[in-house]
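**Q** I have a structure I would like to understand better, so I am pasting it below and will then ask my questions one at a time.
The values are calculated or read from the model by the stated rules, or taken from the named source; none is laboratory data. All values reported here derive from a predicted model rather than from experimental measurement. Here the Cβ positions follow ideal geometry from the backbone for every residue, glycine too, while neighbour counts run over all protein chains shown. Heads up: the accessible areas ignore ligands, DNA and RNA and are worked out on the full protein's heavy atoms, side chains in. Shrake-Rupley method; radii C 1.70, N 1.55, O 1.52, S 1.80 Å.
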Amino acid sequence: MKPAPGTFLRLLALFSAALLLGDALLFQAAASHARADYARRYRDLSGQAAAALSQVDRLTDDVMTDALYALRERDRASGLPSDEDLRRLKDRLGLDSLAVTDRGGRFIRSSWGRRPRLAPLFSYCAGYRDLLSGRAAVETTPILTSGRARLPYKYVMIADAGRRGVLEADMPLRSVGEAVERAVGPDANVRALGLFSPSGALLGWLRRGPEPAVSAQGAVFTAKVETPAADCCECRLKGLTGPDGRYYYVLRMEVSAAPLARRLAGLRRAAARAALGALLLAGLAAFLLARRLALADAADQLAHDLRSPLAALDSALGTGRGLPEPQRAGAESAVRRLRAIAEEALLRRSGAPAASGAQVCGLAALVEPLVAEKRLRFGARPGLRIEADLRPDVFARVEPAPFLRALSNLIDNGVEALEGAGRVEIALERRGGQVEARVVDDGRGIPAGLLGRLGRRGATFGKPGGRGLGLSHARACARAWGGSLALKRRPGGGTQAALLLPAAAPDAALVDDDALVRSVWRQAARRAGKTLAAFGSPEELLAAAAGLDKSAPVYVDAELGGGARGTELAARLRGEGFSRVYLATGHAPALLPAMPWLCGIVGKEAPWARPPGGMLESPG
């Protein structure tokens with residue numbers, strides 16, 4: 001059936017919007033994850049570089065301090081060394097330079113050779129005089145900018161042996177760049193590493209390749225690195241400290257954004273492909289759902305329109321006195337099932353709850369009209385016998401209309417399997433805690449390799465154009481009721497299909513020859529959430545007794561018609577093990593003789609419809 005264009009377009013817009021929104025949200029989530037992963041990677045890398053810088057900063061302090069102590073011992077033993085001696089000593093110790101000042105802080109010896117004009121040492125920090133007074137043993141500076149080169153230098157100072165001057169060592173910290181390079185590793189995306197003071201002054205570049213200016217293209221990660229010389233008077237004099245007067249390093253890492261851009265571009269391409277797929281999927285889903293809605297609307301209209309001709313058929317059957325009883329029973333069964341199917345379709349479409357769910361039913365009472373219907377339908381087919389063995393003691397918890405539909409489909413399959421004359425048997429049987437509703441035919445049978453697939457939607461055999469709906473419906477119903485559908489080949493030819501269901505027993509039983517009383521009691525039981533097995537004669541009840549719970553209450557009409565007495569039936573039931581037998585009568589209990597086999601005497605009103613305490617107890 002062709003779907004309505006308006007419905008299709010509305011569904012297409014809805015599905016497209018939902019799928020494209022989902023695609024956009026997924027892209028945003030993936031892009032956020034990519035950005036977070038990029039930031040986390042280089043934040044961690046800048047932290048590793050900062051840790052390496054801190055370690056080298058402390059290590060160089062130790063190296064220069066040890067070198068100066070060695071120089072002071074030389075001074076104590078043989079006096080101050082010459083410039084040449086200082087040059088040889090600094091090369092042996094791996095320092096950049098060594099220098100000596102007089103008591104006024106003026107440089108008098110150095111490894112530089114010809115001494116440049118430098119300001120006195122104490123002009124950089126008056127606190128360095130504490131070395132000569134003995135108030136300080138060692139003075140160290142953090143990494144500072146040197147006027148001789150654009151490289152970070154740091155200095156260590158101690159007094160000479162006689163406290164006549166100061167011994168100074170410095171180092172350009174080329175090893176700082178090497179240590180940070182090792183921490184960064186071979187990551188080509190790191191374009192620059194800059195070392196800055198708290199005030200923002202550039203101390204120097206620690207990086208690979210030519211010196212760049214930090215580009216606006218890319219990302220910048222910074223790390224704060226503490227130094228042992230945080231309280232640095234020379235740093236304060238040069239304006240390098242932070243607002244609180246403390247000194248530390250700021251390591252600035254510039255990273256190319258190219259890898260992140262490539263990853264985001266790949267995600268955009270994937271999102272575009274997903275969006276195209278989403279539009280195709282939305283189109284397919286909209287078409288299928290629109291088509292299904294069109295079919296559902298047609299089914300609703302059919303179910304609605306069936307009610308009028310069904311009512312006419314029902315009226316004709318009620319007035320057609322000349323119709324033989326078997327044909328009348330079959331026609332009435334067909335009308336009832338059609339009406340149940342139509343009402344169920346309308347209820348399902350409207351969203352209203354079904355009129356009845358699974359309930360304990362006597363299966364024989366359900367199946368007898370169905371057998372009559374099938375005999376009426378196939379009565380004109382020559383050589384076809386439809387036989388039934390319906391035991392009245394078979395009870396199971398089922399939904400009556402779906403159960404009859406499932407069994408009807410199994411019977412139809414059995415008839416269609418016959419290639420000429422043949423027999424189809426419907427049987428109900430108890431097997432321990434299980435009941436079996438069985439359909440057996442002596443037709444052509446089913447290949448063994450196909451049995452395992454039958455019961456699935458779309459799987460069928462020997463029916464051109466068949467879709468396997470009957471078997472799949474029967475299988476689904478059986479599973480919903482806690483059972484299964486069993487298919488097997490018969491040794492002599494043919495097929496057996498059986499609904500295997502858990503055996504159940506009703507909550508109570510009633511035997512009364514008045515059909516109106518039975519109907520009223522059934523309705524009262526249903527409203528109370530109980531299941532009632534109602535029988536029209538003692539013979540019917542006794543035939544079904546094996547399927548009843550002997551501890552459940554049994555209500556027996558006092559006057560059963562045809563000369564049968566309820567008191568005698570009650571005594572027999574008590575003798576057969578039923579422990580809760582009640583007499584249902586409109587007579588006053590005082591007018592009845594003592595009957596010790598009864599649990600009590602009740603009125604003709606269903607016990608579930610009367611308030612507690614409404615049961616009439618037996619006298620004596």
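**Q** Are there any pairs with C-beta distances below 6 angstrom linking a residue in the range 36-48 that is closer than 17 Å to Leu251 by Cα to a residue that is β-branched (Val, Ile, Thr) and surrounded by 15 or more Cβ atoms within 10 Å (Cβ to Cβ), with the two at least 6 apart or on different chains, and if so which?
**A** Tyr42/Val255
**Q** Please determine whether any residue of the range 564-577 is open to solvent by 40 Å² or more (accessible area, probe 1.4 Å) and in contact (Cβ under 8 Å) with a residue 40 or more places away in the chain.
**A** no
**Q** Of the conditions (1) at pLDDT below 85; (2) closer than 21 Å to Tyr153 by Cβ; (3) open to solvent by less than 80 Å² (accessible area, probe 1.4 Å), Ala299 clears all except one; give me its number.
**A** (2) is the only condition that Ala299 fails.
**Q** Looking at the range 551-599, which of its residues are part of a loop (DSSP other than H, G, I, E, B), closer than 18 Å to Ala534 by Cα and of a type in the set (A, V, I, L, M, F, W, C)?
**A** Ala552, Ala558, Phe578
**Q** Among the residues of the range 107-118, are any farther than 22 Å from Pro198 by Cβ, touching a helix residue (DSSP H, G or I) at 6+ places or on another chain (Cβ under 9 Å) and assigned to a helix (DSSP H, G or I)?
**A** Among the residues of the range 107-118, not one is farther than 22 Å from Pro198 by Cβ, touching a helix residue (DSSP H, G or I) at 6+ places or on another chain (Cβ under 9 Å) and assigned to a helix (DSSP H, G or I), which makes the answer no.
**Q** Also, I was wondering about something else. Kindly indicate whether Ser175 is closer than 19 Å to Pro228 by Cα, at pLDDT below 80 and open to solvent by 10 Å² or more (accessible area, probe 1.4 Å). Please lay out each step first, then the result.
**A** On the way: closer than 19 Å to Pro228 by Cα: yes; at pLDDT below 80: yes; open to solvent by 10 Å² or more (accessible area, probe 1.4 Å): yes.
In short, yes.
**Q** Follow-up question, since we're still on this one. Looking at the range 473-486 only, could you name the residues that are open to solvent by 40 Å² or more (accessible area, probe 1.4 Å) and not in a strand (DSSP E or B)?
**A** His473, Arg475, Ala476, Arg479, Ala480, Gly482 - these are the residues of the range 473-486 that are open to solvent by 40 Å² or more (accessible area, probe 1.4 Å) and not in a strand (DSSP E or B).
**Q** Tell me, yes or no, whether the range 487-499 has at least one residue that is modelled with pLDDT of 90 or more and open to solvent by less than 40 Å² (accessible area, probe 1.4 Å).
**A** Looking only at the range 487-499, we keep the residues that are modelled with pLDDT of 90 or more, and these are 498-499.
Then drop every residue that is not open to solvent by less than 40 Å² (accessible area, probe 1.4 Å), which leaves 498-499.
Yes, the range 487-499 contains a residue that is modelled with pLDDT of 90 or more and open to solvent by less than 40 Å² (accessible area, probe 1.4 Å).
**Q** Test Leu131 against the stated conditions and say whether it is over 60 Å from the mean Cα position of the chain (by Cα), modelled with pLDDT of 90 or more, closer than 30 Å to Val225 by Cα and open to solvent by less than 70 Å² (accessible area, probe 1.4 Å). Show your work before the answer.
**A** On the way: over 60 Å from the mean Cα position of the chain (by Cα): yes; modelled with pLDDT of 90 or more: yes; closer than 30 Å to Val225 by Cα: yes; open to solvent by less than 70 Å² (accessible area, probe 1.4 Å): yes.
Yes.
**Q** With Gly449, Gly458, Gly470, Gly465 as the choices, which residue is farther than 30 Å from Gly529 by Cα, outside any strand (DSSP E or B), open to solvent by less than 30 Å² (accessible area, probe 1.4 Å) and at pLDDT below 85? So that I can check it myself, show each step before the final result.
**A** Working: Gly449 fails: open to solvent by less than 30 Å² (accessible area, probe 1.4 Å); Gly458 fails: open to solvent by less than 30 Å² (accessible area, probe 1.4 Å); Gly465 fails: open to solvent by less than 30 Å² (accessible area, probe 1.4 Å).
Testing whether each residue is farther than 30 Å from Gly529 by Cα, outside any strand (DSSP E or B), open to solvent by less than 30 Å² (accessible area, probe 1.4 Å) and at pLDDT below 85 leaves just Gly470.
**Q** Of the residues that make up the range 238-252, is at least one in contact (Cβ under 8 Å) with a residue 60 or more places away in the chain, assigned to a loop (DSSP other than H, G, I, E, B) and basic (Lys, Arg)?
**A** Within the range 238-252, one or more residues are in contact (Cβ under 8 Å) with a residue 60 or more places away in the chain, assigned to a loop (DSSP other than H, G, I, E, B) and basic (Lys, Arg).
**Q** Only residues that are surrounded by fewer than 14 Cβ atoms within 10 Å (Cβ to Cβ), of a type in the set (A, V, I, L, M, F, W, C) and either touching a His at 6+ places or on another chain (Cβ under 8 Å) or within 15 Å of Ala274 (Cα to Cα) (or both): list them for the range 10-23, please.
**A** Ala17, Ala18, Leu21
**Q** Then there's this: Show the residue pairs meeting these rules: Cβ distance below 7 Å; 6+ apart or different chains; first residue within the range 496-523 and in contact (Cβ under 8 Å) with a residue 24 or more places away in the chain and part of a loop (DSSP other than H, G, I, E, B); second residue open to solvent by less than 40 Å² (accessible area, probe 1.4 Å) and of a type in the set (S, T, N, Q).
**A** If the second residue must be open to solvent by less than 40 Å² (accessible area, probe 1.4 Å) and of a type in the set (S, T, N, Q), the pairs left are Pro506/Thr531; Asp507/Thr531; Asp513/Ser537.
**Q** Let me ask another. Please work out which residue is nearest to Asp231 (Cα to Cα), limiting yourself to the range 89-122 and to residues that are open to solvent by 50 Å² or more (accessible area, probe 1.4 Å) and at pLDDT 90 or above.
**A** It comes out as Pro120.
**Q** I'm trying to understand the selection: among the residues of the range 189-205, which are under 47 Å from the mean Cα position of the chain (by Cα) and either in a strand (DSSP E or B) or of a type in the set (A, V, I, L, M) (or both)?
**A** Step one: filter the range 189-205 for residues under 47 Å from the mean Cα position of the chain (by Cα), giving 189-193.
Hits for the range 189-205 are Val190, Arg191, Ala192, Leu193.
**Q** When you go through Asp66, Asp57 one by one, which is the residue that is open to solvent by less than 20 Å² (accessible area, probe 1.4 Å) and part of a helix (DSSP H, G or I)? It would help to see each step written out before you state the result.
**A** Details: Asp66 fails: open to solvent by less than 20 Å² (accessible area, probe 1.4 Å).
Checking each option against the conditions leaves just Asp57.
**Q** Can you tell me which residue within the range 344-365, out of those that are open to solvent by 40 Å² or more (accessible area, probe 1.4 Å) and at pLDDT 75 or above, is nearest to Gly414 (Cα to Cα)?
**A** Looking at the filtered set, the residue picked out is Ala365.
**Q** What about Ala31, is it modelled with pLDDT of 90 or more, open to solvent by less than 60 Å² (accessible area, probe 1.4 Å) and not in a loop (DSSP other than H, G, I, E, B)? It would help to see each step written out before you state the result.
**A** Working: modelled with pLDDT of 90 or more: yes; open to solvent by less than 60 Å² (accessible area, probe 1.4 Å): yes; not in a loop (DSSP other than H, G, I, E, B): yes.
Against the criterion (modelled with pLDDT of 90 or more, open to solvent by less than 60 Å² (accessible area, probe 1.4 Å) and not in a loop (DSSP other than H, G, I, E, B)), Ala31 qualifies.
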